[in-house]
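First comes the structure, then the notes that go with it.
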Ligand code: NBG
């Protein structure tokens, strides 16, 4: 291995500054005097990146030598967050960079503002993928993340008349300094066409259309270790010479680039929908594109050091992040049987051992299914393979449940009755060695409801791995003040990679001096949020007010509407001077709605309307302010979370698989008001029932309410305050109220009174500032479990069976 260590590795501000100037000169072809802001930003990014390359080369070399078992994480979504802040921290150059920039007369905050976060995901699922990659690198786990390099990430959100407006996220407009392109490492991906028989079960698929997948990778550094893994993202391209020169010459400019456009459309845009299936061919194309590129790359990497298929399952784990990459099961079977000539049974045994599947939902409408007719047309050979997998699987089921046709229908990979569809979750379970949910309650409910038949068939296959979050991203980078305070108190920064050590903070909860410092940190974080909020919304907020935060995708089950109803109730109380349980609060909202999700967008518009109502009322606004920060993303999360005092986790019990903002907020000392849903249950178990504001129906009670025949209007009739609130809301949006009174799918009215009363308890608790601070400290101290390091260790132990590979620095 030829290592190059000079001149890009020095640690002093002088070294850093020199390398930055050299990058300006040689990479941007300019000088400090004439550099544009983009020149300076790109040179800074390259200077930081250079400091990770050496570690990456060492990691790759060590992996090659050791030929270890690898985790290949397949995900259609990654929400990586800004790379500059992360890579400065992980390369250990924060200080030297700051001083070098000062010396050169460059502003680090101006340059940081030019760092664009790659928004290649929708929400929790994509951010979880990023937190897991971060933890895998930090835990020295040999791993590669595979994804799609969308030209346009999640849309940018703005508001017009309170309603959401979506704008394209052209994230690489000025180039992306963090990625390495490998344009000579392309893969070929086929679509359509027909199947020709070879011998036995072996067939040959002749695709009717072919596109190229071109990879680039970004570095995924571990914190406090030498390991730097990568995430490999694929972009679709047309074959060389697809440009039709003669048509162009004839003035047919559109037709001349038709093929290029058709091919490149595959990785053009992230689907901004995280819950329902769009039923669109292009999305299925994306999925097949991702899995084909990833699998070919995995096999290429395997062959670098191995040549026997019997070793494949020993060297390769493929973790399927939800159903989006599940076509990989059929594609691997196709590669093994058709291309490699393996017997079906041998191929199936390998495939089944290699894959593991994480399910991230309980909502039936979020479980992907594809019309058989569509799969047949787009991927004819895959459809045959899926039918055969299903046929053999149903024989197994029939042997186990003789004569039970209902069982066959329930478990079949093919949904019958009406249009035949492929149930991707069923394919995932049948083709994997392990299935996991993402919080204890979720895993339990999965096995008891959504995937019950499978859990009965193969109980050993079902696991729970409770989600976690990166403390580097969500405490150290997001909340440097709190991090310093914690490090000062417990001595050193080891807690950042050993988050259980936060328990050492517990005694500090009883130290009035420490509590004072803790409050001061929160206050300064709220001041920072206030500055940003003023610039973004024009609304001035009081940095001493309780900062009450609800940040997540807009979805009816998450019940942003319940949050809004409480605000309206407060509004009336304050107007009536009924303020005994009112403390000054700032309600902070952040989140996007899927563009086609009409009901969620209505609720969003209502939230903005109520915000105006409250903020513009001279009687109410001294007590209550409401801001909706547009374009919620990872960077915005890093700003809001450190300022939060109260974390709203108010989904209808049984609907939220886990939630992860709940963990981020608790870890930053916010108290939770929440239902017994998702990971809230585990947060409450850990921080203690006294330090958590619990309200609302649990899953058993939800079932009971529904079984009795839920009548939302009865709550309206019974509760005068609720009546006043809904009448006010009806004034702005009658449709929302009609729906609540007649249907109320997510039992908002059933939980309303418990929620409002619980909010009164919150207000009383807030008045006791010492008590509140104590609870806040305990929330942080007891949330160490929610580190993504622990999540990765759980995956390693229960599902992946891999061990860390330490890389010498
Ligand atoms: C989401 C769940 C969240 C969970 C994240 C990460 C999907 C399909 N699911 O509750 O709604 O925290 O996944 O596991 O986006």
### Summary
Picking from 73, 3, the residue that is surrounded by 19 or more Cβ atoms within 10 Å (Cβ to Cβ), touching a helix residue (DSSP H, G or I) at 6+ places or on another chain (Cβ under 8 Å) and outside any helix (DSSP H, G or I) would be 73
### Task
Would you mind listing the strands (runs of 3 or more DSSP E) fully within region 171-260 where at least 2 residues are farther than 30 Å from residue 343 by Cα and in contact with a helix residue (DSSP H, G or I) (Cβ under 7 Å, 6 or more places away or on another chain)?
209-221, 228-237
### Task
Grab the helices (runs of 4 or more DSSP H) fully contained in region 406-511, keeping just those with 1 or more residues being within 25 Å of the chain's Cα centre (by Cα).
424-430, 440-445, 480-490
#### Entry: Any hit, region 318-325, residues being modelled with pLDDT of 95 or more, assigned to a strand (DSSP E or B) and more than 16 Å from the ligand (Cβ to nearest atom)
yes
### Message
Within region 604-627, does at least one residue satisfy the condition of being more than 15 Å from the ligand (Cβ to nearest atom), under 20 Å from residue 570 (Cβ atoms), in contact (Cβ under 8 Å) with a residue 12 or more places away in the chain and within 22 Å of the chain's Cα centre (by Cα)?
### Response
yes
### Query
Of all residues in region 472-483, which are free of Cβ contacts under 8 Å to residues at least 40 places away in the same chain and within 21 Å of residue 511 (Cβ to Cβ)?
483
## Note on the structure
Within region 226-260, the count of residues that are in contact with a strand residue (DSSP E or B) (Cβ under 7 Å, 6 or more places away or on another chain), under 26 Å from residue 189 (Cα atoms) and crowded, with 18+ Cβ neighbours inside 10 Å comes to 10
## Note on the structure
Checked 565, 561, 534, 529 against criteria (part of a helix (DSSP H, G or I), free of Cβ contacts under 8 Å to residues at least 24 places away in the same chain and either more than 16 Å from the ligand (Cβ to nearest atom) or within 20 Å of residue 164 (Cα to Cα) (or both)); the one match is 534
### Query
For region 80-159, which fully contained helices (runs of 4 or more DSSP H) count at least 3 residues that are within 16 Å of the ligand (Cβ to nearest atom) and buried (at least 24 other Cβ atoms within 10 Å of the Cβ)?
124-138
### Query
Only one residue in 724, 745 is within 28 Å of the chain's Cα centre (by Cα), modelled with pLDDT of 95 or more and under 28 Å from residue 598 (Cβ atoms), so which one is that?
745
### Task
Kindly indicate which of 486, 490, 469, 551 is in contact (Cβ under 8 Å) with a residue 40 or more places away in the chain and surrounded by fewer than 22 Cβ atoms within 10 Å (Cβ to Cβ).
551
### Query
Could you list, in sequence order, the residues of region 638-680 that are at positive phi and under 17 Å from the mean Cα position of the chain (by Cα)?
659, 678
### Task
Among residues belonging to region 346-385 that are within 16 Å of the ligand (Cβ to nearest atom) and in a loop (DSSP other than H, G, I, E, B), point out the one that is nearest to the chain's Cα centre (by Cα).
360
### Query
Taking region 397-411 only, how many residues are surrounded by 12 or more Cβ atoms within 10 Å (Cβ to Cβ) and free of Cβ contacts under 8 Å to residues at least 24 places away in the same chain?
5
### Query
Which residue pairs have Cβ atoms under 7 Å apart, sit 6 or more places apart or on different chains, and have a first residue in region 431-445 that is free of Cβ contacts under 8 Å to residues at least 60 places away in the same chain and a second that is within 11 Å of the ligand (Cβ to nearest atom)?
443/436; 443/437
### Summary
Of the residues in region 653-667, those that are in contact (Cβ under 8 Å) with a residue 40 or more places away in the chain, touching a strand residue (DSSP E or B) at 6+ places or on another chain (Cβ under 9 Å) and more than 8 Å from the ligand (Cβ to nearest atom) come to 661, 663, 664, 665, 666, 667
### Query
When you look at residue 364, is it at pLDDT below 95 and over 19 Å from residue 76 (Cβ atoms), yes or no?
yes
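The values are calculated or read from the model by the stated rules, or taken from the named source; none is laboratory data. Computed from a predicted model, the values in this text were never measured in an experiment. Cβ sites come from the backbone with ideal geometry, for glycine too, and all protein chains shown count toward neighbours.
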